[in-house]
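The values are calculated or read from the model by the stated rules, or taken from the named source; none is laboratory data. Here the structure is a predicted model, which means the values were calculated and not measured. Here the Cβ is made from the backbone with ideal geometry for all residues, glycine too, and neighbour counts use every protein chain on show.
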């Protein structure tokens, strides 16, 4: 199923560091000569590029949990690809792999940290979604840091996103009450009807944090034991006062603040809610635990086994939002940061031959 | 050593809820008839009243980790007292006890949660200080939530206070580098020369959080692994950017924000530092753990044994700041909230016959 190798490849580089929300001119599509794999290397054609909120942090020139992307360097990202040329003993032409190829149509790999995929087990695209980085983020954040107990109540933002949707479904499978927060009525309906959440609130319909808090209070009559934090902003402000004693807040993201420069270290406007937050942590003896999934890849085999089984049993469903063509990646990414995606955001870079 | 029982007793009640910093008119000294112990009760004469920052929270009319003090009710507080009349089978006249008698010269007790004290083991006043609630707060916060490892760096605010001074000394005994933050040069000198801290910075001499951060960065060349949070405010802002990956922040108080109404739930002025704080928690995978010492009294026997031994060995020293007479309590408390105390703040309510 391999095709002849074209003479050029395309990639999207960081043209400028965004001020606030990224715009089209912060990215540049380039054509370059197709690289050739050296000894011990192989050439991969990208099928699926994953777009994830953390990428916004990489565009800023400040310390994050990984280095910044340099200006004129390709945007980074996890991908599913097909090996189309190989000098590597363990990767053959036709192999499907999950690798960090970046926003590129093709890339050279040495095989380090590359995972081979079997398309008969699950659709290839899930390797960067529900069975990939977002999936294990949900799994570790919920189980290791959330410490869920049957009968407790969990709140998760970005409820229909790649991470939030799995957090909620895994929590439901463990007997928790699950309340999502999402942007728009359509997503909220999906969270309840398809994902099985007990309730889902539309933060866009709530005037402010206080209005959202009133709705959450109604949806969480026994308070909130776990707030899975992936959004920050208004949702955080609304949930905090509802936290129960000994509640847990795993923190894996804060998309609501990324464009405000939060990962760049600048300060957002509005009143200083910090004393209030610190007070809630103290009075309610909360555990707030930041985590980065790359610290926890030792749990990958267990995660894969458990979540694959739940998918097979129909207890976990997932939804993909697909942008067509590498050139659509910047627009799709900007939309993602505004919550415009509905489900795991992918870019179909080349046709998936197994689909 | 008991004396005849007077016909009246004195107490200080909450006259009004403070707006911001408490003022003298928020308290009222009253004389009332001396109560008589009923069956199974005993009458205690207060020797030492402990003044602690948490009391500020009790003065506000909002949910804290304990109920508010009602208007016209006596201020609450831990005390050391002497039993002067008893109908209780286990407490005899002449016994010394630690009890929550409140800001009162005398009180009736039923013996619940009352600890008998042996003045030959340690001075009685330590039962509300280094060997009492502040002491176990330091012990549990450091060991259970701070999880110290030899060679790590710890920062603690209010470094010469009842909690901070023991946190630092216990950490030193476990081989950590200890850097304190305190108000004024005299306290800083004491922290280094008497408490054995590696360094202590004067937050009053630092123009702002940024200036304090520069000094802390110099004093903590390997970053900060544990920030024992008992002050909030400028110190928190200065320390956060210095936290190492997998750092721990036990949160037991935030005196720097109490008068700003933080425990009353209002919002302090200044820019919203919350996105920055949340970002640091995420990027550096911090554990932030609020705790209330009453959840951890099962550790009291171990605490008492270990810290008593360290005091006997001269590895832990403590300092008391004594205000004379119950009537001086409001003034001493207001001063405490401004950092005007130097060491554990006590009120000598009646002469300690063992002193």
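Things to note:
- Qualifying residue in region B:17-34 (condition: free of Cβ contacts under 8 Å to residues at least 12 places away in the same chain and either within 14 Å of another protein chain (Cβ to nearest Cβ) or not in a loop (DSSP other than H, G, I, E, B) (or both)): yes
- Enumeration of residues in region B:205-231 that are free of Cβ contacts under 8 Å to residues at least 40 places away in the same chain and in a loop (DSSP other than H, G, I, E, B): B:205, B:206, B:207, B:208, B:221
- Only one entry of B:122, B:158 meets the criterion of being in a loop (DSSP other than H, G, I, E, B), assigned by TED's automatic domain parsing to the domain that holds residue B:207 and modelled with pLDDT under 95, and that entry is B:158.
- With respect to the conditions (1) within 14 Å of another protein chain (Cβ to nearest Cβ); (2) part of a loop (DSSP other than H, G, I, E, B); (3) touching a residue at least 60 places away in the same chain (Cβ under 8 Å), residue B:40 lacks only one, and its number is (1).
For (1) without any contact (Cβ under 8 Å) to a residue 60 or more places away in the chain; (2) part of a strand (DSSP E or B); (3) more than 18 Å from residue A:29 (Cα to Cα), each residue gets a yes or a no:
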{"residue": "A:45", "(1), (2), (3)": "no, yes, no"}
{"residue": "A:68", "(1), (2), (3)": "yes, no, yes"}
{"residue": "A:72", "(1), (2), (3)": "yes, no, no"}
{"residue": "A:98", "(1), (2), (3)": "yes, yes, yes"}
{"residue": "A:101", "(1), (2), (3)": "yes, no, no"}
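- The set of residues from region A:174-204 being part of a loop (DSSP other than H, G, I, E, B), surrounded by 22 or more Cβ atoms within 10 Å (Cβ to Cβ) and modelled with pLDDT of 95 or more comprises A:176, A:195, A:197.
- Among residues of region B:254-284, those that are within 7 Å of chain A (Cβ to nearest Cβ) and at pLDDT 70 or above, counted: 16
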